[in-house]
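Presented below is the structure to which this report refers.
The values are calculated or read from the model by the stated rules, or taken from the named source; none is laboratory data. Every value quoted in this text rests on a predicted model; they were computed, and no experiment measured them. Please note: Cβ atoms are built from the backbone with ideal geometry, for glycine as well, and neighbour counts cover all protein chains shown.
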Number of protein chains: 2
Amino acid sequence: MTRKIVVALDGMGGDHAPETVVEGANIARERYPDATFVLYGSPSKLEPLVARQRWLKDCCRVVEAADVVTNDDRPTAALRKRRTSSMGMAIGSVAEREADCVVSAGNTGALLATAGVLLGTLAGVKRAALASFVPTVKGESVMLDLGANIQCDANNLVEFAVMGSVFARSVLGLEQPTVGLLNVGAEEGKGSETLRDAAATLRLDGVPLRFHGFVEGSDIGAGVVDVVVTDGFTGNVALKTIEGTAKLYTGFVREAFKTSTLAKIGYVLASGAWNKLRQRADPRRYNGGVFLGLDGVCVKSHGGTDALGFAYAIGLAVDMVKFSLNDKVVDELRRLRLALGEPSRQADGTAGGA
Amino acid sequence: MTRKIVVALDGMGGDHAPETVVEGANIARERYPDATFVLYGSPSKLEPLVARQRWLKDCCRVVEAADVVTNDDRPTAALRKRRTSSMGMAIGSVAEREADCVVSAGNTGALLATAGVLLGTLAGVKRAALASFVPTVKGESVMLDLGANIQCDANNLVEFAVMGSVFARSVLGLEQPTVGLLNVGAEEGKGSETLRDAAATLRLDGVPLRFHGFVEGSDIGAGVVDVVVTDGFTGNVALKTIEGTAKLYTGFVREAFKTSTLAKIGYVLASGAWNKLRQRADPRRYNGGVFLGLDGVCVKSHGGTDALGFAYAIGLAVDMVKFSLNDKVVDELRRLRLALGEPSRQADGTAGGA
């Protein structure tokens, strides 16, 4: 018998909570029969919703949380109510090992701060990073950091590279994902000293990943590498630029087809093609930011997502648990320290060698 | 009688030079009857091409340049041959005030280095910046720096904001373009200290531009501001990410319409719409990076552009000359120093106030 996976859900986080959360969990449950759910939030709101869900109702417990973290709450405000809010209690249950993972569609800054405090970083990790998917001509790639660390040094970037590589093995099912550092050009001498130092380290023998070298902004969509590593400032700008440009071009196409009657007929005839296009470029498929490097699996769903998008985010969390992602991250970081000739103290809490 | 504008052209720069350069100049000449051209490069290659161009042949002089800057030349190598290369001699003619502006489709790094040395920066400008257009739902915006300065301090960003604002007035024909600083969020406290310092300065009374505040990556395509200001690293990544994403989505659309016979028929019926779309998203319309802050108008055309794209780049240079862009930049920077209570020494070379 497979072990049940316990998923803690922030029942009140997100623009369309709690409906989206409950319906999303129901969809996820159908896909992952070995998952059970604990919903944190207002029982009077959550319980009637749960009772209506075919797959969910027999494998879901509601736990009362008196407070809600709003979108306007600053991280410090969210932290203060971490013991009473639906977000804080859901994360806390992972910290206490009552649940295997937590998913929230709430305020990103609040989630990052609360998860950082309650879960702490994994052994050997200095900074947790926010990772997500980006669409490419080949399917999708992983990109990190997307905003958790505005400034990063070379060591941070190297750690992100290792964590991103393990994450890509888990969620993209790749044995040896390629990893690139985002820069202003592919040539070795390009960019800041930080980037050149990080690249030099990633090229060392024994570093546990397949380093491609530098990549440029245009290489992201071209799928040149499976994992794009960058600091949180650049990653955040790049991710939002992708979103903005996708929206712009989708709008261009939509408008173009309104320009004449022939075009409108063409549009109708091609509606099957449109649906395929929409499926392929569906932002819900890329829903789910993951905080890599925390001592507990924590997935952030887009605030404005629908139930299907939320179900994808849950699926992501469950896949990470099944893959034992965090154990593998700790192992790979230990291999990294070995390759760098550093004592593994940071990785296992004890002096290496001994 | 309007004064003739003399355009110096690097006849040998670009993937399809010299044909594209000569044909582009011919197209530009038709649009700008007050322009005359000086083509630098190999006379045996250029002269027969010029002779075939209807509009160009009577207003174009060819000057021999023995050397060519290749795409593989490092900036230092390009600098060494600045007195004999087509790129260097074309820029030199602007430095000597024999020409009003220079356009090259050659190696960007080489062009920036050579123009920097031969033209120098304008009075009051510490760092020149590379600016260009980005497509938006509203038309187009200006973005800078796109890679000339990998690291920038707050003062650099403030100068870029002033220069970008003047440039947008010139080329977008806006009286009061809005200016935004690219950041990871729109809220005041977001981002690095450098960005917060720059924003604080831009909010001061008397600073000669309309400051909108921080903008995010998704705001670029949404056209939230007319001028997006950022450091050269982030700007380069953002611009290339836009290009990559545009390519990705165009590919998605193209493939979607190949999926069924109905879709193919729809595609044909909608061909008028496609052409409109292509026109609207035509990268040639956004062709031309401009080095703002140099003491001379210098425009970089994409290396792979065609004649029409090159003509756009020439048009951009001519418009900047007609607008007296550089005089206005100097004036606005003087106003900036006044607003900041700094002596105007840097702006006019003499101590302010006397």
**OP:** Please verify whether the stretch B:130-139 includes one or more residues that are in contact with a Lys or Arg (Cβ under 6 Å, 6 or more places away or on another chain) and among the polar types (S, T, N, Q).
**Re:** no
Subject >> Condition broken by A:S192, with the remaining ones in (1) within 14 Å of chain B (Cβ to nearest Cβ); (2) in contact with a helix residue (DSSP H, G or I) (Cβ under 6 Å, 6 or more places away or on another chain); (3) of a type in the set (G, A, S) satisfied >> reply: (2)
**OP:** Working only within the stretch A:23-51, note down all residues that are in a helix (DSSP H, G or I) and free of Cβ contacts under 8 Å to residues at least 60 places away in the same chain.
**Re:** A:R29, A:E30, A:P43, A:S44, A:K45, A:L46, A:E47, A:P48, A:L49, A:V50, A:A51
Original post:
If you take the residues of the stretch B:211-226 that are part of a loop (DSSP other than H, G, I, E, B) and crowded, with 21+ Cβ neighbours inside 10 Å, which of them is farthest from the chain's Cα centre (by Cα)?
Top reply: B:E216
Original post:
Hey, A:V94 hits all of (1) free of Cβ contacts under 8 Å to residues at least 40 places away in the same chain; (2) within 27 Å of B:G185 (Cβ to Cβ); (3) under 21 Å from the mean Cα position of the chain (by Cα) but one; which does it fall short on?
Top reply: (1)
**OP:** List every residue pair whose Cβ atoms sit under 6 Å apart, with the two residues 6 or more apart in sequence or on different chains, where the first one lies in the stretch A:221-237 and is among the polar types (S, T, N, Q) and the second, anywhere, is buried (at least 24 other Cβ atoms within 10 Å of the Cβ) and in a loop (DSSP other than H, G, I, E, B).
**Re:** A:N236/A:L146; A:N236/A:G147
**OP:** Being modelled with pLDDT of 95 or more and β-branched (V, I, T) is the filter here, so list the residues in the stretch B:91-124 that pass it.
**Re:** B:I91, B:V94, B:V102, B:V103, B:T114, B:V117, B:T121
Original post:
Regarding B:T250, is this residue within 11 Å of chain A (Cβ to nearest Cβ), outside any helix (DSSP H, G or I) and of a type in the set (V, I, T)?
Top reply: no
Subject >> One residue from B:A110, B:A99 being in contact with a helix residue (DSSP H, G or I) (Cβ under 6 Å, 6 or more places away or on another chain), in the same structural domain as B:C298 (by TED's automatic domain parsing) and not in a helix (DSSP H, G or I) >> reply: B:A99
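Okay, residues lined up against (1) more than 7 Å from every other protein chain (Cβ to nearest Cβ); (2) part of a loop (DSSP other than H, G, I, E, B); (3) modelled with pLDDT of 75 or more:
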| residue | (1), (2), (3) |
| --- | --- |
| A:V228 | yes, no, yes |
| A:T241 | no, no, yes |
| A:E255 | yes, no, yes |
| A:G266 | no, no, yes |
| A:R285 | yes, no, no |
Subject >> Residues of the stretch B:221-254 satisfying the condition of being within 23 Å of B:L209 (Cβ to Cβ) and either touching a Phe, Trp or Tyr at 6+ places or on another chain (Cβ under 6 Å) or among the small types (G, A, S) (or both) >> reply: B:G221, B:A222, B:G223, B:V229, B:G232, B:G235, B:A238
